[in-house]
Amino acid sequence: MRAMWSGAVSFGLVSVPIKLYSATTNHDIRFHQVHGADGGRIRYKRTCTVCGEVVEYADIVKGYETEDGELITLDESDLDSLPVASGHEIDVVEFVPADQIDPLLFDKSYYLEPETKAAKPYALLREALAETDRLAIVRFALRQRESLALLRVRDKTIVLQTMLWPDEVREPDFDILDQDIELRPQERQMAASLIESMGADFDPTEFHDEYRDAVVELIESKKEHGDTKPAPVEQKRDDEGDSMTDLLSALQASVEAARGSSGKKAATKAGAEPQETEEPAEEKPARARKPSTRRKKADEGEDGAEKKTTTRKRRTA
């Protein structure tokens, strides 16, 4: 498991350094939408419903439509002005009886692992919660937003259970429930007897996702009988490049242009060397006194002075 957050649980003068791990995972079988004829992945473009043009991410802003049909847009500067929750403290607000928390408020579960030096205060908090049958209501910052959560005990681990805000829970509005329905004592007794006859201790390992098992079995059957084909390699078209592709292309073009410019400069410098014959005559003897090693070896012979004169005349021709 990999920690997704680290901080400390603080209650009173006690601070317990911890790491946060996701306690659940999703085992759903995920499918891609593909073209039945060739297996190509189906892509969706971000198009504007007004002008019909494809819109880049850089041109997209957040919009809120009011009940009156007015549109309010928020750009990056507007979002930056909003308060952002930060920090790595899980502050305990209060300890409440476990039976006062409606499970409907539960959202996501995370395991808290103590740091090595915090094993004792971690165990102390865990045992205190278990013995008092209370839950710790806490506030903490997760993904730059303040979250409401509670701490509860599961075996030897303290679980942080994030919660919905009270206004996120909808109230049921069913008129039929307000009707006065008469229930006879015999009906009540019969229903209670049926419940007792089906009573059992809950064992979650006895339950499994039959639909997922059937999907896995179907996939394995097709694989076993050779009902598969290689996944096609997607080819990117020039007119379908995104902003990142455009950026990379621009950078590549800049590099090639820079290399070409350097090559032209080198070629110009190499072509300018023969023009040294146009320098004033008084500078030529100075250059003649410092010939290169190759020139020196080529000029060595029975009449070295004559060869130098011949070379000088050829260059000035």
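At a Förster radius of 35 Å, what calculated FRET efficiency corresponds to the Cβ-Cβ distance of Glu65 and Asp175, to the nearest 0.05? With a Förster radius of 35 Å, E is 0.70.
Subtract the Cα-Cα distance of Ala191 and Ile29 from 0.36 nm times their separation in residues, and report this length gain in nm to one decimal.
Numbers: separation 162, 0.36 × 162 = 58.32 nm, distance 3.88 nm.
Answer, rounded to one decimal: 54.4 nm.
Once C-alpha pairs closer than 8 Å and six or more residues apart are averaged by separation and normalised to the residue number of segment 6-112, the relative contact order reads 37 percent. Accessible surface computed residue by residue for segment 32-177, with neighbouring protein chains in place and a 1.4 Å probe, gives 77 Å² per residue.
Element breakdown for segment 1-94 at a 1.4 angstrom probe: carbon and sulfur atoms account for 51% of the accessible area.
Seen through its C-alpha gyration tensor, with square-root eigenvalues sorted a ≥ b ≥ c, segment 1-61 comes out oblate because a/c lies at 1.5 or above while a/b is not bigger than b/c.
Shape class for segment 76-142, computed from the alpha carbon gyration tensor (a ≥ b ≥ c): oblate, with a/c not under 1.5 and a/b at or below b/c.
Please say if segment 87-202 is rounded, prolate or oblate, where rounded means a/c under 1.5 for a ≥ b ≥ c the square roots of the C-alpha gyration tensor eigenvalues, and otherwise the choice is prolate for a/b larger than b/c and oblate otherwise? Kindly include the intermediate steps, with their values, before the conclusion.
Details: a/c = 3.38, a/b = 1.76, b/c = 1.92.
It is oblate, given that a/c is not under 1.5 and a/b is not larger than b/c.
Once you've got the Cα coordinates, tell me which of Lys117/Lys156; Lys45/Lys222; Lys19/Lys108 are over 27 Å apart. If you can, show how the numbers build up before the last one.
Numbers: Lys117/Lys156 17 Å; Lys45/Lys222 32 Å; Lys19/Lys108 16 Å.
Listed pairs above 27 Å: Lys45/Lys222.
What separates the Cα centres of segment 154-186 and segment 198-216 is a distance of 24 Å.
Projecting label points 7 angstrom from Cα along Cα→Cβ for Glu56 and Arg184 puts them 7.6 nm apart.
If the only charges are +1 at each Lys and Arg Cβ and -1 at each Asp and Glu Cβ, what is the size of the charge dipole of segment 30-136 around the Cα centre, to the nearest 20 debye? Write down the numbers at each step before the final one.
Numbers: 11 positive and 23 negative charges, 169 e Å.
That gives a dipole near 820 debye.
The values are calculated or read from the model by the stated rules, or taken from the named source; none is laboratory data. Just so we're clear, the structure is a prediction, and the values are computed from it rather than from any experiment. Virtual Cβ from ideal backbone geometry, glycine too; neighbours counted across all protein chains shown. Surface accessibility is based on the protein's heavy atoms, side chains included, excluding ligands, DNA and RNA. Shrake-Rupley method; radii C 1.70, N 1.55, O 1.52, S 1.80 Å.
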